[in-house]
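To keep things clear, I will list the structure first and then write my remarks on it.
The values are calculated or read from the model by the stated rules, or taken from the named source; none is laboratory data. This structure is a prediction, so every number in the text was calculated from the model and none was measured. Note that we place each Cβ from the backbone using ideal geometry, even for glycine, and neighbour counts take in every protein chain shown.
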Amino acid sequence: MQKQLKFGKDGFDKIALIGSAPSSIRLAPFADESWAIWGCSPGAYGLCSRSDVWWEIHRWEPPAVGKPFDAANVPWFSPEYAEFLRLYPGPVITSQPIASVPNSVALPFQELIEKYGPYHFTSSVAWMLATAIEMKPKAIGLWGIDMAASSEYAFQRPGCQHFIGLAMQRGIEVILPPESDLMRPTTLYGVSEYNPMMIKLKARKAELEGRRNAAQNQMAAAQQEVTFLNGALDQNEYILSTWIDQVPTDLRMAVGEHKHANPLFTMHSREVVVAEKKKK
């Protein structure tokens, strides 16, 4: 690699892949120099007490300088993260060479695809696993990489499981903390529909959906009531500001110097007016 960049401390024979999941990232073997530490994600760099390689294979889109609120800024690339990558002393694995990151090293993705096929590279961790396998370490460990259930991670997790299986086939020990969800299989399609827990949870889902729909209907009705009350308040405010006093609608009074004495015009209350009439 360029500039004789090292992928770990001298003599390393194990590779730790580090993500940002808080459940296990602090359990990684940062103090053991027999482990090379490979980090990824802007959520992890502040938590790694040591790292030898950093991975950032997303499109390079650093923030516009001096424009923190520019809509074109990508949240993934904060100014602090971009500066971290620019100053990083070890290799920074990127999809393409990045001029502003002096130690960027282009990922040899074409060679990896030719060897492993294109079907399982569904995340940064999948690329990291394939690259680690190529180095033939004694062990590969994954910390801070849970890929807990969500639509994105449900798509990414099988790719990681594939490469973990390949590593084990090649005699590489794979270490996962018990907190990780990474090797949890998805629910068995069709077959698991007979599982009592599946039946229970689907019934619970239907119940919760019904309650949610009822709450949404109540919210909609309440919003209609709020809209009506806002209109009524506006109308009431208009009456308060316009129709309280019995001011005569004599257009001649619009002329400032016009003197027009209207015996019915008064700023007093109705009771006072009545009383004054009785005096007369």
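Just so you know, in segment 1-42 the residues that are basic (Lys, Arg) and surrounded by fewer than 18 Cβ atoms within 10 Å (Cβ to Cβ) include one that is farthest from Ser104 (Cα to Cα), and it is Arg26.
Considering each of Leu233, Leu229, Leu201, Leu208 in turn, give the residue that is closer than 30 Å to Gly165 by Cβ, out of contact with any helix residue (DSSP H, G or I) (no Cβ under 6 Å at 6 or more places or on another chain), part of a helix (DSSP H, G or I) and not assigned by TED's automatic domain parsing to the domain that holds Gly165. Spell out how you get there, then give the answer.
Working: Leu233 fails: closer than 30 Å to Gly165 by Cβ; Leu229 fails: closer than 30 Å to Gly165 by Cβ; Leu208 fails: closer than 30 Å to Gly165 by Cβ.
Exactly one of Leu233, Leu229, Leu201, Leu208 is closer than 30 Å to Gly165 by Cβ, out of contact with any helix residue (DSSP H, G or I) (no Cβ under 6 Å at 6 or more places or on another chain), part of a helix (DSSP H, G or I) and not assigned by TED's automatic domain parsing to the domain that holds Gly165, namely Leu201.
Taking segment 193-246 as the range and being small (Gly, Ala, Ser) and more than 36 Å from the chain's Cα centre (by Cα) as the test, the residues that pass are Gly231, Ala232, Ser241. Is it the case that segment 153-168 has a residue that's among the aliphatic types (A, V, I, L, M) and closer than 12 Å to Gly19 by Cβ? No: zero hits.
Of everything in segment 133-186 that is over 28 Å from Glu33 (Cα atoms) and among the polar types (S, T, N, Q), the residue that is modelled with the highest pLDDT is Gln156.
For segment 83-124, residues that are in a helix (DSSP H, G or I) and of a type outside the set (Lys, Arg) total 12. The sole residue among Met147, Met183, Met168 that is assigned to a loop (DSSP other than H, G, I, E, B), in the same structural domain as Ala21 (by TED's automatic domain parsing) and either surrounded by 12 or more Cβ atoms within 10 Å (Cβ to Cβ) or basic (Lys, Arg) (or both) is Met147.
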